[in-house]
1. Which value, in debye to the nearest 20, describes the size of the charge dipole of the range 60-197 about its Cα centre when Lys and Arg Cβ atoms bear +1, Asp and Glu Cβ atoms bear -1, and nothing else is charged?
2. From zero up to wherever the largest Cα-Cα distance of the range 67-161 sits, split into 10 Å bins and tell me the percent of pairs in each.
3. For residue 752 and residue 974, FRET efficiency with R0 = 41 Å and r from the beta-carbon atoms, rounded to 0.05?
4. Dividing the Cα convex hull volume of the range 753-876 by residue count, how many Å³ per residue is that?
5. Once you have all Cα-Cα distances for the chain, histogram them in 20 Å bins from zero and send the whole-percent values.
6. What whole-number distance in Å separates the alpha-carbon centres of the range 994-1016 and the range 745-793?
7. For residue 392, list the lysines whose Cα falls under 19 Å from its own Cα; do not include residues on the same chain fewer than 8 positions away.
8. When we measure straight from the Cα of residue 910, which lysines land under 21 angstrom away, once same-chain ones fewer than 8 places off are left out?
Amino acid sequence: MKRLTRFRLAALFAIVVLAGIGVTAQPNKYARDAKQPIDEEYTKKIKEYTTEPFFLSPLVNYLPASKTVPTPKAVLGDVAGAPGKLPYSAEVHAYMRLLEKASPGRVKVFSIGKSEEGREMIAVAIAAETVMAKMDDNRARLAKLADPRTIKLDDAEADRLVEASVPVYYITGAMHAPETGAPTALMELAYRLVVDDSPYIKAIRNNMITLITPVIETDGRDRQVDIYKWHLAHPDQTWPSLAYWGKYVAHDNNRDAMGATLALTRNVINTVVGQKIQVLHDLHESVPYLYDNTVGDGPYNAWVDPILTDEWQLLGWNNMSELTKFGMPGAFTHGTFDTWSPGYLMFIGAMHNGISRLYETFGNAGADTVERKLQPGDYARTWYKQNPPLPKVMWSQRNNNNYQQTGLLTALSYFSGNTKLFLKNFYLKSKRSVTKPTAEGPAAYVLPGDEARPGAQAEMLRVLQRQAVEISRATASFSVTMPAKKKPARRDADEGAAGKPAEEAPKAEAKKDEKPATETRQFPAGSYIIRMDQPYSRIADALLDHQYWSPNDPQKRPYDDTGWTFGELFNVQVVRVTDAKVLDVAMETIVDVKAVSGVVGTGTLFAVNNDADPSLIAFRYRIKDSAVDVTEEPFEAGGKKFNRGSFLIKNAAQADVQTFATELGLQAHALSAAPTVKTHAVKTPRIGYIHTWIGTQDEGWWRMEFDRLKIPYDYISTQVVAKENNLNARWDVLVFPPVGRSAQQIVSGMPMWRNPMPWKTTELTPNIGKIDSTDDMRPGLGLSGVANLESFVRKGGLLIVADDTTILANMFGMTPGLSVQESTRLKAPGTVMRARLVDAASPIAYGYGEGLSIYSAPGLIFGVSNTLGGRGGRGAAAGGPERPTGRGTADDQDQPQGVPVVTLPPEDPKVEAWQAAPVTPEQLRNPLNVIPPQLRPRVVLRYGDARDLLVSGLLENGNEIAQRPALVDVPLDKGHIVLFANNPMWRGETQGSYGFVFNAILNFDRLDAGRKLDEK
Ligand SMILES: [Zn+2]
């Protein structure tokens, strides 16, 4: 038996105490209205498709009849959850509109936006006529509770508003395309809420507004339905897996609630904020039979209000207690899902002063009824799962729909009985967000007006605006009092390579004891201020603050990324200010954040500074007919300093430069004469962008950014690479983003046994095969593809790889002098780490300075060597060989007996972990394996030193990766391979690293610029 921790005992106590709250004792509270007839045929089908009586509840074991309102059968041709029935998003929406048409007083359907592929997303509001008629007035009251500044934080006024208002409970389904049950469950749930006259349902209808988005990922839903139909039409064949869910990402659409880069995320944020919802309850499928992760597990996110975490306990335990009393097995709420990351869609609710919830029910990824056998760990009884699921059952989509609806109805019922409590809490959470500066702080975050990367700064602020955060800008310079900088805590287990503290400790820390406790910090006019006395301060605080996850945390398996600090990952300065004086600074509200852009001055030569802004590459392609040089050294012109890699645009019309620079948030300086600085031309390389058929999600995050910036590329699969033996004829640069699979799988593809797996547009599958298509998804890159890639590089092409595609390039011998290993002890499950430039003269590093952080999860362990077969790096850096056993003390030299005394040759110079050991005369005697100097790996960027490696998140055994190369340029014959140890383009959160990828692309044929070659 596992030891009961204090936390668990406390949680156990919570079940006992909380489960009873809100359950008022009344006989037959679930009973239907005896006077209302039931739809006999529909009810019969419900029972027929439910595989065991205990997979039903009194709330869903019948369907009330209506003479006017159509049941889901009108669209499905059968009942919700029937075998073989999976509606497209448009069919689901059509049903909701039928419902609205039949009962306009109780239902309102409205559009909440479109997907990337143009499919509509809707929200359906349902309540009694009396409530719906005053929905706008109600929303106006909720808006005041949501922004307590509007009522001057007057609690008595808030109480009056609470008394007059009803809450909004927002349910979302079908976010994950292969989790197929929610749409039909929500169609039937909507029908019940509209039609059913039982006291139980009437109370919900009368006391609150239920808001439903039945399909979140509309693009993915339609593709999944296509696949299911293909499967039904080919019953004896294996069916293709869903290669694309959304246009860009698959499961990770539920990790976008920080960056808010996907249309579905933005549409839900707008709905949450616009409708002033109190709960966001998202439906998923995986765990048997209903895991309500509302209670979840620790650690909880450090920025949510404790009022919310108490609400999680109230709702979660009550909800599962109800299902348990119905005799439905497998309902539980505590579990291994930690609630740390705010990246989940439901967390939009938590971060906007509502309540986040998520159900995992049990789905079959389609509407087949099949036998499901569980693993012992799934059906085991634990302290929080006293009512476990069964080891083996026949499982149907109808069972799943029963659980989803029963869970939701009990949740809505509990909420409808406690509306004033939750509305008051909504107000209190909003108020406490506004009073943050004088309570826990900080008072504000300041983004200095003299930011070196104004484009990245503006982009990060736009992310915050998408989260409904208000942005202000100081109209005059100001100063605040700051705590003096502290020395970071020592982590003894996390020291330098040879067990010694790493060098390069920041100099400012040396005289720590002499520093005053506070210091004054000046900010120029134009500095951005994100005030924390605003209703949505919480999300800004969560994104901009640093995260720390203790290696000793009882939670040993973080569910997702542990660090995400946006200022670090966007490579822009963010200052956390606790001095409330900052709120009195003269400032204006900024609605449209834009970096100062356009053309300064007039002339025929335009200089654009390289600050590693991703927009630079977009600019190059926009102005494709002009000649552009980049400078290989920094220079000054017209009183302005320009970094290495700055653009000099030669034959462009000023109007074009003005248009594109303004569009992209860049500033161009017209110069009267060309600066005397070494330059080389940057062309508009032809980009081939490689994807596999086994995983398109990690590349999807890259592709999304290429599309956002309108960088032209050909989207090709590994099958094209396998067939095309002259890749150079078509492309200059091949980008091969991470796949999320092993290198072996990328090469081998899917198993070739059984039938082909087409991914094509057909009459049966109209929604697939549009992004890319193939007759058979199974073949992978193959050895011919590997050979073609190598030939491409050898003939002068640039190949960019990261993470698993880095392993692939290394595995097949394309990276002489670079060793690549996966970490064995390092624990960094999505961690922000410090990085340092090694070779600032490399074109890949153009525009970058010091102080950069990168995302790493956990990252590959690179070593470089000047010889083939050498591991290089740390092995040679460990302080030289220890002395052998022999005479004298540990520091003495041994002396063999009868041998003359010799003087030992001087020790080899210290080699750092990111460096290759110098070639020795021994190796040069016959330099067969010595890599010629111009072909040796060139390290551009490395991981920070062990003691300052951790920036945000969880890091354990960081010394395994500390100081190791993070980004290496390996010349191969006439071309180059640029290899990332990490993933530089991740979930729209790592914009600070994009510049490395884009610099490499632009300088693909001049990557050796600025290189200092070894002498031998
Ligand atoms: Zn899911």
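The values are calculated or read from the model by the stated rules, or taken from the named source; none is laboratory data. Just so we're clear, the structure is a prediction, and the values are computed from it rather than from any experiment. Glycine gets a Cβ as well: all are built from the backbone with ideal geometry, and neighbour counts include every protein chain shown. We work out accessible area using only protein heavy atoms, side chains counted, and drop any ligands, DNA or RNA first. Shrake-Rupley method; radii C 1.70, N 1.55, O 1.52, S 1.80 Å.
1. Numbers: 17 positive and 19 negative charges, 66 e Å.
For this selection, approximately 320 debye.
2. Result returned by the calculation: 14, 30, 28, 17, 10, 1.
3. On the way: r = 35 Å, r/R0 = 0.86.
That gives a FRET efficiency of 0.70.
4. Working: hull volume 27.4 nm³, N = 124.
Each residue corresponds to 221 Å³ of Cα convex hull volume.
5. Calculated over all Cα pairs of the chain, the distribution is 12, 40, 35, 12, 1, 0 percent.
6. Here the answer is 33 Å between Cα centres.
7. 373
8. Result set, ordered by chain and number: 500, 1012, 1016.
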